[in-house]
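Q: Sending over a structure as structure tokens; questions will come in a sec.
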């Protein structure tokens, strides 16, 4: 059902693009046929990209397929926004045409025609020929509006995607935040978490992507490193080499990981990544908690599996992770999706660290994400629990970020 809905939306989007970018800008003929078949080919490219990236040849499709998906998205955005001004412009042009049609036309008098009572004059042949030459037909209102709209949308979409690619492959922004926890032992004040999520190692990222993230995290000199899900988009066999730099992560009390939804999509299964991370020195918190001892005080750090783990028999278990603990201590929970805060609130969690949303990744998609998750990015309070949602350090699908630059968070408890 999900696949059918996805294909249906892709077909609908391309049909709309055909109406505005092809039919409205061309007349019947070879050019229209060529553009139509080109758009049909792009539909096939999108579908093949999403299926092929799970296979060995996927990296050949990833770049053209995902870039076209981003261009398609922003073409739709610009064209939809331009529908109103396009309609208004069409109304004004139609009224101008009607005024011209109602205006009286000048009466033509043939050269050499005699007026009443006058002798007829013979016009030179050159004059007759000159008067018979018709001016070129003006461009129709439909073509003018169609081509103008398509040009504006095309320039806007290419500009947005070009900027977004630069942002996606640029250095993550270091976001610094202080979070006040009322129950926090004063001795734990100043405890620092380096939070990163949604690294999304995959066909479009290289080892340098991981090395840069590790280097930037180490530069923060954090007490705890928290990786809150969606580390990979593939199997250990495909992406194991890209994850190797994680063994160089530095922090006072260790690096911890919880699964995201994409770990359960990995062809080799999620368990192989848990084992791989253990070998790299990153501990996975699988519905469990550990004690962080700092300056003689204790903080509970817990982690729960992602909601998508339920289909694999590996779903979140808040009772197991948070039950039978000293409730006088402050508790920080790692949970990939912000929506998991609803259950965290029932278990007295003080702070939840999440990712998943990418901050929307490509504006205005952040407005859609906000319909599904209680927090899109940044710090908020939900059900009495403070939630910090990081935008993620990587990208999924199109290598494009607009309005949501990649992020690594330095979070300090007070």
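Any read-out appearing in this document is the output of simple, stated calculations on the displayed coordinates, not a laboratory observation. These figures come from a predicted structure and were not determined experimentally. FYI the Cβ positions are ideal-geometry reconstructions off the backbone, even for glycines, and counts take in every protein chain you see.
Q: Counting DSSP beta bridges in the chain, what percent are antiparallel, to the nearest 5?
A: Given both bridge residues lie in the chain, the antiparallel proportion sits at roughly 35 percent.
Q: Would you mind calculating the gained length between residue 237 and residue 155 on full extension (0.36 nm times residue separation, minus the Cα-Cα distance), in nm to one decimal?
A: Numbers: separation 82, 0.36 × 82 = 29.52 nm, distance 4.04 nm.
Once the chain is fully extended between residue 237 and residue 155, it gains 25.5 nm.
Q: OK, next. Take residue 48 and residue 250, extend 7 Å from each Cα along the Cα→Cβ direction, and tell me the distance between the two endpoints in nm.
A: Each label point lies 7 Å from its Cα, and together they span 4.7 nm.
Q: Of the listed values (i) 1.22; (ii) 1.01; (iii) 1.42, identify the label whose number matches Cα Rg over 2.2 N^0.38 Å calculated from this model.
A: The value matching this structure is (iii).
Q: Is segment 173-413 rounded, prolate or oblate when judged by the Cα gyration tensor, a ≥ b ≥ c being the square roots of its eigenvalues, rounded requiring a/c under 1.5 and prolate requiring a/b larger than b/c? Each step should come with its number before you reach the end.
A: Numbers: a/c = 1.36, a/b = 1.28, b/c = 1.06.
The shape class here is rounded.
Q: Let me check against my output: what whole-number percent is the relative contact order of the chain, with C-alpha pairs under 8 Å and at least 6 apart?
A: Details: 746 pairs, mean separation 74.5, N = 414.
Relative contact order comes out at 18 percent.
Q: Let me ask something additional. Tell me, how many Å apart are the Cα centres for segment 285-343 and for segment 1-50?
A: That distance is 46 Å.
Q: Report, in degrees rounded to the nearest 10, the 0 to 90 angle that the Cα long axis of helix 58-102 makes with the longest principal axis of the chain.
A: Taking Cα atoms only, the helix is inclined about 40 degrees.
Q: Tell me, what is the FRET efficiency for residue 283 and residue 173 to the nearest 0.05, using R0 = 41 angstrom and their Cβ-Cβ distance as r? Kindly include the intermediate steps, with their values, before the conclusion.
A: Numbers: r = 27 Å, r/R0 = 0.65.
E(calc), rounded to 0.05, equals 0.95.
Q: At 7 Å along Cα-to-Cβ for each site, give me the label-to-label distance between residue 23 and residue 380 in nm.
A: Placing both labels 7 Å along Cα→Cβ, they lie 3.9 nm apart.
Q: Express as a percent, rounded to the nearest 5, the fraction of DSSP beta bridges in segment 173-413 (both residues included) that run antiparallel. Before the final figure, lay out the partial values.
A: Values: 16 of 47 bridges.
Roughly 35 percent of the DSSP beta bridges within segment 173-413 come out antiparallel.
Q: OK, next. Taking R0 as 51 Å, what's the FRET efficiency between residue 372 and residue 30 from their Cβ-Cβ distance, rounded to 0.05? Working shown, then result.
A: Values: r = 45 Å, r/R0 = 0.88.
Step by step, r from the Cβ atoms, then E = 0.70.
Q: Label points 7 Å out from Cα along the Cβ direction at residue 187 and residue 272: separation in nm?
A: Computed distance between label sites residue 187 and residue 272 equals 4.5 nm.
Q: Could you please state, rounded to a whole Å, how far the C-alpha centre of segment 198-259 is from the C-alpha centre of segment 397-414?
A: Result: 14 Å between the Cα centres.
Q: A further question follows. Just from its helices, what would the mean residue ellipticity at 222 nm be for the chain, if runs of 4 or more DSSP H residues each count -39500 (n - 2.57) and the sum is divided by every residue, rounded to the nearest 500 deg cm²/dmol?
A: Values: 11 runs with 170 residues, N = 414.
So the calculated ellipticity at 222 nm is -13500 deg cm²/dmol.
Q: Roughly what angle does helix 207-220 make with the longest principal axis of the chain, taking Cα atoms, 0 to 90 degrees, to the nearest 10?
A: It is inclined by approximately 60 degrees.
Q: What FRET efficiency comes out for residue 312 versus residue 83 if R0 is 41 angstrom and r is the Cβ-Cβ distance? Round to the nearest 0.05. Don't skip to the answer; put the middle values down first.
A: Values: r = 43 Å, r/R0 = 1.06.
The calculated FRET efficiency here is 0.40.
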